[in-house]
Structures are given as structure tokens and as C-alpha cells.
Amino acid sequence: MMIVAGQSQSAYFLEEEFPATERSHTLSVLVDNEPGVLARVVGLFSGRGYNIESLTVSEIEHSNHQSRITIVTTGRPPVISQIMHQLGRLIPVHKVINLTWAGDALERELALVKVAGKGEMRDEALRLAQAFNARIVDATLDSYVFEMTGAPADIDRFVGLMKECGLVELARTGLAALARGKMGI
Amino acid sequence: MTRQMTGAEMVIQALIDQGVDTIFGYPGGAVLPIFDELFQQEEVRHILVRHEQGAGHAAEGYARSTGKVGVALATSGPGATNMVTALTDALLDSIPMVCITGQVPTTLIGTDAFQEADTVGITRPCTKHNWLVRRIEDLPAILHEAFRIATTGRPGPVLVDIPKNIQFQTGTYENCKDKALTQYHPAVKAPDAAIREAVELMAAAKKPILYTGGGVINSGPKAVALLRDLVKMTGFPVTSTLMGLGAYPASGKNWLGMLGMHGTYEANLAMHDCDVMVCIGARFDDRITGRIDAFSPNSKKIHIDIDPSSINKNVVVDLPIVGDVGSVLEDMIAAWNARKPVQDKAAHAAWWRQIDGWRARKCLTYRHSAEAIMPQYAIERLFELTKGRDTYIATEVGQHQMWAAQYYHFDEPNRFMTSGGLGTMGYGLPAAIGTQLAHPGSLVIDIAGDASIQMNIQELSTAVQHNAPVKAFILNNQYMGMVRQWQQLLHGNRLSHSYVDSQPDFVRLAEAYGAVGIRCSKPADLDDAIEEMIRIDKPVLFDCHVVSLANCFPMIPSGKAHNEMLLGTDVSDVDIGTAIGAAGKVLV
Ligand SMILES: Cc1cc2nc3c(=O)[nH]c(=O)nc-3n(C[C@H](O)[C@H](O)[C@H](O)COP(=O)(O)OP(=O)(O)OC[C@H]3O[C@@H](n4cnc5c(N)ncnc54)[C@H](O)[C@@H]3O)c2cc1C
Ligand SMILES: Cc1ncc(C[n+]2csc(CCOP(=O)(O)OP(=O)(O)O)c2C)c(N)n1
Ligand SMILES: [Mg+2]
């Protein structure tokens, strides 16, 4: 039998096949809010080499201790399916929904943005905040803290502008997301 | 019915209610209350091991050879960390196992208390699920849920970590065996539409193959019987992974042998050339597929698996069927009988002619020797001299493991205990002990390597103590043979640290443990020595000196396709040295 050295490609690098279709997906995961559940989810992502762009978690049903975890991750469709199935294997996970597949989901994030400065820049910051519907939640003679809620991309744009106006620091909540229409998870 | 009892009593009571008769464990401070309860009862037998890893593998061997769940018990801290390898092994091979560990009292958790380790944190990625019990009220339900989760769906290991104060506390015990604590309910039955579609594809197949795996054995005796019916009904050829050996009998006429990296020529070429592949309870592991882009390029693939994450993980399939093998095969056979398909007889005959052509290559042929024992010959003789008996085979990891898979032929499931997914050296001896304790009258042999056997050799003492007359049949080639073979393939035959230097005298080692040692180095003496080993009703270390530099063939070098296989009879050392390209070298 002929063996030709150095001709074969690796067997395992599936990734190269559909680079074009890699995009970000928002997953909504309903879980029992029990100790360690977040560690299970996060450990699954790090252990299997998936990336997390954003992750939020909070109890949404106090009576039966259920939380909703919203995760933004990127990948090609087969990887995203695999992530969803792996999440589904975790015992405390009730449901996994891909909001990106479900279509045009509502995605909102809250940011607190601190800027410091005087004069022109201070006025400019205030004007921009009004344009972006950001509220002032703290003010001193030489600083503001704005609160802004919106789609992550809008927050990105606002923050980008604030960099020019003396941005000091920033806190973002990560994504809260729901599908549109009457259907629930 | 509820009763008041302590947490430690609840552990024993739950074991009894779950029908557990044997557990494997090792004591320590954080499990003393449980050991005290064990002492005061007769229903559950505790097998004292010599290292917690041994307890874990013994539980795995017990589980795999019986189809029941294996139970292991260890103390906090080092006891729990010693269990990690066995838990990971059970996770990768889908072995049902319940591990109970002690923990420091709840009031001390987080204080770096004596023998405190974050056991649930450490074992989270190597269990199917785990719990730290925080309240005595939760203990009964968690214990029973642990058994349900370990044994249903895709089986796997679970761990219950019980702080010592909870073992002492009194609470209300209820046998909640049939109650679910969590929402975990894996789907068993597949949709009818998928079954019908599968039957259509199979009926029209011209070059079909059944690729079966450990899932058939996990599913149980019914699935095994149905697989055999399916083969009879369809006439399809069958191959299996390492983990599925025995589900279809090796003596059956449709058997092609194991597939994959060290599988047979006929199995791998049939996989490569087939037009319809039915994967039944196997997971397209990289040892099977080789190069993914060249894997069975022209087939329609049907995949039956209970775990949706196994499907499309490595190979994209045409028809996924999520369900239990037993249930799916039952429906499939019913659908086939209802449809009464007319198969393309001529195409099937041509396919079998092609397969017979591949079989004629006799890929397992090796060069015999009159002076030295060839390792393949040793396994062949072991098979011939034990096949009429009620025999169970365990293995360690390495060349000997592959030779066991190739030259020992299994006609029944649950007879082959091997570490497939994790490839854990040191698995075999404790797994053999677990198997022997479950099957006291049977012949249990650990086909071992000279390096692997030393990884859990201390368990020989367990075998002696508990009258488990296991036989460790060591293919002693003086090397970590599998490592040496890869160094020859990949690294210019520079045998870096793969020589097993300063070997113990295995015969005297056996005697030191109170077992029996046998040494054999001549082919002419081998049969008598094996017969003697079988006759001895005690644990035996059989030091079988085999040639040092034999390689394990056939072999698909990593990164290669199924039709780029190396065969033992026609490769030279030069071919071996150049068989793997640069891209293949980085693979394992
Ligand atoms: C040195 C070495 C060399 C090896 N070489 C080879 C080789 O040449 N060939 C080979 O085959 N292997 C080889 N292996 C083993 C290999 O690494 C894998 O462990 C093995 O191939 C996996 O077997 P499997 O696909 O049957 O899956 P398993 O690990 O047995 O998994 C079972 C699958 O069935 C599913 N399942 C479980 N229960 C059910 C149920 N009730 N119903 C439906 N589905 C179910 C599971 O979800 C899973 O997907 C080697 C190992 C070592 C250590
Ligand atoms: C715990 C562990 N460490 C290292 C390895 C890597 N490894 C795989 S096979 C092997 C050599 C096994 O040697 P031996 O038991 O003598 O078997 P042989 O291959 O010679 O038959 C090693 C070191 C492993 N599989 N498990
Ligand atoms: Mg060796």
C-alpha cells in the first residue's frame, strides 16, 4: 500500500469549512437556580473551547427558583447547535432557545458611563447623552454618570463618543433578550 | 413509608433500596460515620481497595460486566481527588457509576479545613452531575436522583459530596426511588417519521454497513438481541468500535471485525466505500473517522444515539435518530417487517464479494516466531484456551489492549472491560477485580502491559484479600509499546523514555502479595503455562515475555483516511517512519 507522507490534512479541523457563516448568536437558557449552575454553564464553555461574548443571569421565577441565562456566543451553525445540545445535557437546564434563529429578538443592555471634564467637553457630553436618551444619574461640578439602556450596538456608539468627552469608566450589564410576539420560552 | 435516621444510615438505606449489593471504597475522617454504618449491617458488601482510583475502576468493571450501576466511596480531600481519573474514565465511556464522598462539616467549608477540597468544583467537568448536600432534608432525594441520573439516558458517573455533620444529623428518610428530583427525562422513543425514513434508506442500500458502538451495550440485552435480529433480517455487514465489541458475535458470519485506527482492513474499507451507514450507539470518535474530510465520502449516514450532542458533533449525518438503541431498533424492525422491502440481491452479492476480497488480505496476519512469543500469538492462544469457558476480559491501555481487541473474539456483550475514551493505564486490574466480584465463578483475565500493570499494581492486594482470583496476563515487551510505536512513526525512532527500565520481578512481586506468579518466554511452553494459570484458584500475575519491538497493525496513521491504512505484512521500517505527515504529527 502506498503511503505518501505529508499530504493529508488534519482530520479534526472542521472549522475551516464554512468560515463565512460564523456570526454571533444569542442563547436564552432556562435553568434551576441552584448552587453551581452558573459554574456548570461557564465551565462548559471554557472546557469545550467556546467563547462567551456576554453572559447575564438572574432569577426570574422566585417561586420555583428558575433563572434565565442569556449568552452571546459566536460560531458557525454546527458549532452553535453543538453548544445548544451541550447546554441541554446539563441536568439543571430546562430549555435552550436560540433567539437569533427565532428571528429579530429584542436585545437590551444597560450601561453606566462616567465622564469627567469641564467646559466645552462637558456640554458636548450632555448634548450627546440627550441624543442617545441617556439619563444623568450622578453629577458633580466636573463629572457625570449617565445611564443608558439600548441595543448593545447603540451603547457601543455612545461609549465611543464619550471616549472623546473624558470617559473615566464604564459598567455594562450584558444582554437581556426576549423573542418578539406572544410566545414564551 | 418514612423513617427517622442519620445521614450515614440514609446512605446505606438508599443503597439497599437501589438494590446495590457491592460497593468499592476506602475510609477516612470525613466518611467515618458511613463506614460505621457499613460495619453494622450485612446487606451491602464493602470491598476495601488500596487506592481510591482502584475503587473507581473496580466500580466501572462491576458496572460494565453486569449492566448495573457501580458504586464507589471515598473520603474528602485526597480521597476525592484520587477518584478523579476514574470518574473521567466513566464519563468518557458512558459507564453508570455513583460515587459518594465525605466532605468537611458545612460550617468549615471554605476555610481550608483539614482535607478540604472543592470536590464538586473539581469533579463538575468529569461527572454527568454532582451535588454538595447542604441539608439533611435533601439527602434522600439526592441519593435516589443520583442513581436515576447515572443509569438513565446516556449513562455516566455522578458524585454526591456529603459533609460530615450531615452524616451525623438525623432526618426523615423516604425511599424516593421512582420520584424525579430534577426535570431530567431523556427521550427514549424516536419519532416514527425518522424510523420510516431510515427503513427506506436501508431498503434501497446497495453497499450498506452497520457501525455499532458502546451504546448498544449501554442500552442492554434487549438492544443486543434486536441488533442480532436486524442483521439477520437485512443481511448487512457489521463492524463495531472497541466499546461495542461482543454486541454482535465475532463468530457471526456478517462480522467484519473492529473498525478504526487499529481496526481490520475489511471493516475500514467497507466503511469508506459503503453507500448507507447505520451508526448505532457510537459517536464518530477520532479513532474511528481518521481524516474527517475523507471519511466515508459517498454514504448516506443514519445515526441512532440517545444523546443529541453526539449527533453532528464530528461528522454531519443525513438522518439523526435520537432515542434509545433498544427502542429504536424495535421500531425499525417493526417498520421493516411492515414494509417488506425487496432488497437489491445482486448489489448485495457484489458488495459481499468486494468485502470477501478485502477479507482475503488477512490483515491480522503477523510474522510467527518459533523462538520468541509474538504478542499476537499469546492472545490467540489465550483465546483458544479460554473460549469454551465463562470468561471476562479486562485490559490496560497500549498495544496489548489493541491486540486483545483484534485477536480475542467476543461473542457476548459485557465481556470486555476496557478504557476506550480516556485510555487510562491502570484501569484493567481494578476493573477485573470489580468484574470478578460480580461474577465469582467466572474466569476473569486482565490482558495487561508491563508498564500499565504497575499503575495500579497495589490492587493485587485487594484481589488477595477478597478472594478475587483474577489473572493479570502481562504482555511483557519491556516497553511502553504503544508509545514506542508512535515514536517510531513520528519521531525518527528516538525512543525517549519509553523503555520500561528496572522492571520488578513479577513472579516474586506476585508472591510478595500472596498471589501466584508464572513466567513464560517460549512459544512451546505457552499453552501449558496458560492452562496452569486457569487452574489456579488465586490471583495470578502471568509474566509473558514477548518480543520487544512488535508493532500493532493494521494502523491508520493519524490524519489519514480509511483507505490509507498500514498493514503489518507489507510495511517496512522506512514506511513506518514516513507514514505520518506534518499535519498528522500534531494529532494524538
Ligand atoms: C490506545 C487506544 C486505541 C484505540 N483505537 C481504537 C480503534 O482502533 N477502534 C476503535 O473503535 N476504538 C479505538 N479506541 C477507543 C476509542 O478511543 C473510543 O473510546 C471508542 O471508539 C468509542 O466507542 P463508541 O463510539 O462506541 O462510543 P462510546 O464511548 O461507547 O459511546 C457510546 C455512544 O452511544 C450513545 N449511547 C449510550 N447509551 C445509549 C442508548 N441506550 N441508546 C442509544 N445511544 C446510546 C452515547 O450517547 C454515545 O454517543 C482506542 C482507544 C485507545 C486507548
Ligand atoms: C495514565 C496514563 N499515562 C500515560 C498514558 C500514555 N500511554 C498510552 S499507551 C502507553 C504505554 C503502555 O505501555 P504498556 O502498558 O507496557 O503496554 P504496551 O503498549 O507495551 O502493550 C502510555 C504511556 C496513558 N494512556 N495513560
Ligand atoms: Mg509494554
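Legend: mean number of C-beta atoms from other chains within 10 angstrom of residue C-beta atoms, peptide A:43-50, equals 1. Remark: C-alpha extents of the range B:65-107 on the principal axes read 39, 17, 12 Å, sorted largest to smallest.
Each other residue within a Cβ distance under 11 Å of B:Ala472 adds +1 if Lys or Arg and -1 if Asp or Glu, for a net charge of -4. Rounded to 0.05, the FRET efficiency of the B:Val547 and B:Thr107 pair, given R0 = 56 Å and the Cβ-Cβ distance, is 0.40. Rounded to the nearest 500, the 222 nm mean residue ellipticity of chain B from helices alone is -11000 deg cm²/dmol, with -39,500 (n - 2.57) taken per DSSP H run of at least 4 residues.
Taking other Cβ atoms within 10 Å as a rough exposure proxy, B:Tyr499, B:Tyr173 sort from fewest to most as B:Tyr499, B:Tyr173.
Note on B:Lys164: aspartates and glutamates with a C-alpha under 14 Å away, same-chain residues under 8 apart excluded, are B:Glu9, B:Asp36, B:Glu37, B:Glu116.
Hydrodynamic radius of chain A by the Kirkwood approach over all distinct alpha-carbon pairs: 19.2 Å. Projecting each Cα onto the charge dipole of chain B (Lys/Arg +1, Asp/Glu -1 at the beta carbon, about the Cα centre), which of B:His46, B:Asn218, B:Ile304 comes out farthest on the positive side? Working it through, the farthest residue towards the positive pole turns out to be B:Ile304. Give me the lysines in straight-line cross-link reach of A:Lys118: C-alpha distance below 20 Å, same-chain residues under 8 apart excluded. In chain and number order, the partners are A:Lys163. Dipole check for the protein assembly as shown: with +1 at the C-beta of Lys and Arg, -1 at the C-beta of Asp and Glu, and the Cα centre as origin, the magnitude is about 1500 Debye.
Exposure proxy ranking for B:Met271, A:Met183, A:Met84, based on other Cβ atoms within 10 angstrom of each Cβ and starting from the fewest, stands as A:Met183, A:Met84, B:Met271. Using the Cβ-Cβ distance between B:Lys232 and B:Ala204 with R0 = 22 Å, the FRET efficiency computed as 1/(1 + (r/R0)^6) comes to roughly 0.70.
Only DSSP H runs of four or more residues enter the estimate; each adds -39500 (n - 2.57), and after division by the residues of chain A the mean residue ellipticity at 222 nm equals -8500 deg cm²/dmol. Counting, for every residue in B:301-311, the Cβ atoms of other protein chains within 10 Å of its Cβ and taking the mean gives 2.
With the largest listed first and rounded to whole Å, the semi-axes of the equivalent ellipsoid of the protein assembly as shown from the Cα gyration tensor are 48, 35, 27. In terms of distances greater than 26 angstrom between alpha carbons, the cross-link table entries B:Lys387/B:Lys522; B:Lys206/B:Lys232; B:Lys68/B:Lys253; B:Lys300/B:Lys585; B:Lys68/B:Lys222; B:Lys253/B:Lys313 yield B:Lys68/B:Lys253; B:Lys300/B:Lys585; B:Lys253/B:Lys313. Straight-line reach from A:Lys182: taking Cα to Cα under 20 Å and skipping same-chain neighbours fewer than 8 places apart, the aspartates and glutamates in range are A:Glu61, A:Asp104, A:Glu107. Note that the range B:437-531, at 10 °C in a medium of 1.306 mPa s, gets a Stokes-Einstein diffusion coefficient of 105 µm²/s from its Kirkwood radius over C-alpha pairs. Taken residue by residue and averaged, Cβ atoms of other chains lying within 10 Å of the Cβ of B:119-132 number 3. Evaluated on chain B, the Kirkwood hydrodynamic radius is 24.9 Å, with distances taken between all distinct Cα atoms. The fraction of all Cα pairs in the range B:2-174 landing in successive 10 Å bins from 0 to the largest distance is 11, 45, 37, 7, 0, given as whole percents.
Using alpha-carbon positions, what is the distance between the centroids of the range B:117-148 and the range B:245-299, in Å? First find each Cα centre; the distance between them is then 38 Å. Charged neighbours of A:Leu141, selected by a Cβ distance under 13 Å, balance to 0 (K, R count +1; D, E count -1).
Arranged from fewest to most other beta-carbon atoms within 10 Å of their beta carbon, B:Phe295, B:Phe24, B:Phe506 become B:Phe295, B:Phe506, B:Phe24. Note on B:Gln4 and A:Ala102: with the Förster distance fixed at 56 Å, the Cβ-Cβ geometry gives a FRET efficiency of about 0.65.
Taking the centroid of alpha carbons for each part, the range B:435-481 and the range B:6-81 are 21 Å apart.
Here, each number is a calculation from the coordinates, and none is a lab measurement. Since this is a predicted model, take the numbers as computed values, not measurements. Ideal geometry is used to build each Cβ from the backbone, glycine not excepted, and the neighbour counts take in all protein chains shown.
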